[in-house]
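The structure under discussion appears below in the form of structure tokens.
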There are 2 protein chains.
Amino acid sequence: MPDRDFSQGAAYVKGRFVPLMEAAVPVTDWGFTRSDVVYDVVHVYHGGFFRLADHLDRFERAMQARHLAPPETRAQMEDILHACVGLAGLNDAYVSMMALRGRPRVRGSRRPADCDNHFMAYAAPWIDVIPPEVQARGAHVLIASVPRVPDGSVDPTVKNFQWGDLTTGLLEAHGQGFDTAVLCDAEGFLTEGPGFNVFVVKDGRVLTPDRGSLEGITRRSVLEICADLGIEATIAPIPRALLESADEVFATTTAGGVMPIARVSTGHTTHILGNDRPGPISAALREEYWRRHEAGWHLTPVRRDLAETALAR
Amino acid sequence: MPDRDFSQGAAYVKGRFVPLMEAAVPVTDWGFTRSDVVYDVVHVYHGGFFRLADHLDRFERAMQARHLAPPETRAQMEDILHACVGLAGLNDAYVSMMALRGRPRVRGSRRPADCDNHFMAYAAPWIDVIPPEVQARGAHVLIASVPRVPDGSVDPTVKNFQWGDLTTGLLEAHGQGFDTAVLCDAEGFLTEGPGFNVFVVKDGRVLTPDRGSLEGITRRSVLEICADLGIEATIAPIPRALLESADEVFATTTAGGVMPIARVSTGHTTHILGNDRPGPISAALREEYWRRHEAGWHLTPVRRDLAETALAR
């Protein structure tokens, strides 16, 4: 195999490793034409995957929930993720894994069971979901008018690309000058934002929604850190009014960690939190989250030798 | 340009014409990773596009609704569709057009407005959504237990690839031995199935849902044919009980036309329609739909000269 430029990222597609910019999905793959695909994203911090086993567990559950069974074993998928990071030569990375329905073996079939499912993955340089300078001042967030898709129609704990409602919220937020959006469900309970979980702090208690949300790995980390720090933290229904009267609000995501929010707006009225900057509990959780990274908490060193093996394929 | 094999279909991707099997979407395109894409499908019958202007009108409305603006003009898009069919050498074809969000110009941006939107299209040999032999006996359909995503969360009149609820219904139907599924909304009103509109016939009246559904072009054609034949036809709320007690049920779609349904089941009880075969009104509408095709109704001849121009690009 000739030397190839993996500096923009490295991908695994149908059994081959290619530069990320060459990685593509067939236009007739149901992973695209029906968004019939599940995914997960794990990050690499200073040469180590964060909570890799937890991400792989969630990814496996998602595949099972959607009857997706690519040929690679879990161990092979794990090796592929290592190889992608190694090929890209990254110390800090955003690493995506996907299982796609694929295309039917029988021409013209409309049956998911007739499709050859396949696994894809890639490692790209780290990107924050909310830019670092916005995290520093605290994000300005619109409560979008579009209701989140109900859990009964599309299970939000099965990580998927069906972002229609989230994108509508994002377009609405950007159109009004906000950094991003959060969505409530049709009953007026807080759910999540485009790519992140949401937390509310009220009277010293930390709350995160029990519905309409991914069971985020960063969310789980925050709940564990709260327990260790003696902060009461609960997964519970959060009425919109509580969000609008919160003491602090923050977002969590793999691609950004704990991200403080300084303003929450309905579009008509804007609730400015604290002194229009990250609140003390948000800041403490953020600091502790990254301190634990430095200490190697849940980190799995990237096995760079697997990149050599991958290139030899 | 060397001779290429377009016999499996021809596609237009980022300004180039390629064999369909080579057409692909970048793995980091938001059209894939956020299913941030709208599409439309028009069919070609015996060398002519059916209701091409109506499909392009709907496609334009969908792009506007999602703030998608690819560089091609409508006239250029239309020429590209002609060229795809011409390159593939097809007389009967399934022709898809798509507008994708694309990728951000600014690395790391999470703003839809920062993305380069793009237009894709392809022509492939005709495929029926429901196989012809199943249409002949009448399809066996499960009323899926999964509720359709509400219109307020994801607008079903903006044709999209977010098939999560529809795929869940399809998996449920196939698991129980049915040909396909229809979905009701959370309030128990009939919506649509995976890739088709649904019609109910009761006491000589034809009804199709007013919610949870694409405004199908075949659906519109059937409503027009009903008017011409003096059959009362209405867009209206259809409670699930009416579906379960219908005299006839049929589906409509671009990729199949009018498709009779012979059985509708809740999983527990199966309602056998008529004599377990296509009903008389369904059969008459199907016949008239194809008879009008033969007569050239709403057909635009494929301009095969555009394939030559395309190859010269």
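In this structure, is A:THR218 part of a strand (DSSP E or B), within 27 Å of A:HIS298 (Cα to Cα) and at pLDDT 95 or above? When the stated conditions are applied, A:THR218 does not pass them.
Among the residues of the stretch A:4-30, which ones are within 26 Å of A:PRO104 (Cα to Cα) and among the polar types (S, T, N, Q)? Once the filter is applied, which keeps residues that are within 26 Å of A:PRO104 (Cα to Cα) and among the polar types (S, T, N, Q), the stretch A:4-30 yields only A:THR28. Screening B:CYS84 with (1) within 30 Å of B:ARG107 (Cβ to Cβ); (2) within 14 Å of chain A (Cβ to nearest Cβ); (3) in contact (Cβ under 8 Å) with a residue 24 or more places away in the chain gives one miss only, at (1). Answer yes if at least one residue in the stretch A:126-145 is at the interface with another protein chain (Cβ under 7 Å from one of its Cβ atoms) and over 15 Å from the mean Cα position of the chain (by Cα), and no otherwise. Checked against the condition, which is being at the interface with another protein chain (Cβ under 7 Å from one of its Cβ atoms) and over 15 Å from the mean Cα position of the chain (by Cα), the stretch A:126-145 yields no hits at all.
So B:ALA181 ticks every box in (1) part of a strand (DSSP E or B); (2) away from chain A (no Cβ under 14 Å) but one. Which box is left unticked? B:ALA181 satisfies all of (1) part of a strand (DSSP E or B); (2) away from chain A (no Cβ under 14 Å) except (2). A residue that is more than 11 Å from chain B (Cβ to nearest Cβ), free of Cβ contacts under 8 Å to residues at least 40 places away in the same chain and among the aliphatic types (A, V, I, L, M) can be found somewhere in the stretch A:201-208.
Counting only strands (runs of 3 or more DSSP E) wholly contained in the stretch A:246-313, the ones carrying 3 or more residues that are touching a strand residue (DSSP E or B) at 6+ places or on another chain (Cβ under 8 Å) and under 21 Å from A:HIS55 (Cα atoms) occupy A:248-253, A:299-301. Total residues in the stretch A:109-125 satisfying the condition of being in contact (Cβ under 8 Å) with a residue 24 or more places away in the chain and either facing chain B (nearest Cβ under 8 Å) or in a loop (DSSP other than H, G, I, E, B) (or both): the figure is 6. Contact map, the stretch A:168-188: residues that are outside the structural domain of A:VAL264 (by TED's automatic domain parsing) paired with residues that are polar (S, T, N, Q) and at pLDDT below 95, Cβ distance under 7 Å, separation 6+ or inter-chain. No pairs are found.
Report whether or not A:ASP5 is more than 28 Å from B:GLY169 (Cβ to Cβ), away from every other protein chain (no Cβ under 14 Å) and touching a residue at least 40 places away in the same chain (Cβ under 8 Å).
On the way: more than 28 Å from B:GLY169 (Cβ to Cβ): yes; away from every other protein chain (no Cβ under 14 Å): yes; touching a residue at least 40 places away in the same chain (Cβ under 8 Å): no.
No: the conditions fail for A:ASP5.
Quick check on A:LEU223: is it within 17 Å of A:ASP179 (Cβ to Cβ), part of a helix (DSSP H, G or I) and either modelled with pLDDT under 95 or of a type in the set (A, V, I, L, M, F, W, C) (or both)? So A:LEU223 does not fit the description; no. Quick check on my filter: what residues within the stretch B:245-277 are under 12 Å from B:ILE143 (Cβ atoms), touching a His at 6+ places or on another chain (Cβ under 9 Å) and surrounded by fewer than 17 Cβ atoms within 10 Å (Cβ to Cβ)? Within the stretch B:245-277, B:THR270 is the sole residue that qualifies. Does at least one position in the stretch B:148-160 carry a residue that is in contact (Cβ under 8 Å) with a residue 12 or more places away in the chain and either in a helix (DSSP H, G or I) or closer than 19 Å to B:SER265 by Cβ (or both)? Looking for residues that are in contact (Cβ under 8 Å) with a residue 12 or more places away in the chain and either in a helix (DSSP H, G or I) or closer than 19 Å to B:SER265 by Cβ (or both), one finds at least one in the stretch B:148-160, hence yes. Restricted to the stretch B:19-51, and to residues there that are among the aromatic types (Phe, Trp, Tyr) and facing another protein chain (nearest Cβ under 10 Å), the residue that is surrounded by the most Cβ atoms within 10 Å (Cβ to Cβ) is B:PHE32.
Report, by residue number, each residue of the stretch B:79-108 that is at negative phi and part of a loop (DSSP other than H, G, I, E, B).
Result: B:LEU90, B:ASN91, B:ASP92, B:ARG101, B:ARG103, B:ARG105, B:VAL106, B:ARG107.
Within the stretch B:153-175, identify whether any single residue is more than 7 Å from chain A (Cβ to nearest Cβ) and either on the phi > 0 side of the Ramachandran plot or touching a Cys at 6+ places or on another chain (Cβ under 8 Å) (or both), and answer yes or no. Looking through the stretch B:153-175, none of the residues is more than 7 Å from chain A (Cβ to nearest Cβ) and either on the phi > 0 side of the Ramachandran plot or touching a Cys at 6+ places or on another chain (Cβ under 8 Å) (or both).
Check A:ARG58, A:ARG66, A:ARG101 and return the single one that is touching a Gly at 6+ places or on another chain (Cβ under 8 Å), assigned by TED's automatic domain parsing to the domain that holds A:VAL25, among the charged types (D, E, K, R) and crowded, with 20+ Cβ neighbours inside 10 Å.
After applying the criteria, what remains is A:ARG101.
The values are calculated or read from the model by the stated rules, or taken from the named source; none is laboratory data. Everything quoted here is computed from the prediction, not taken from an experiment. FYI the Cβ positions are ideal-geometry reconstructions off the backbone, even for glycines, and counts take in every protein chain you see.
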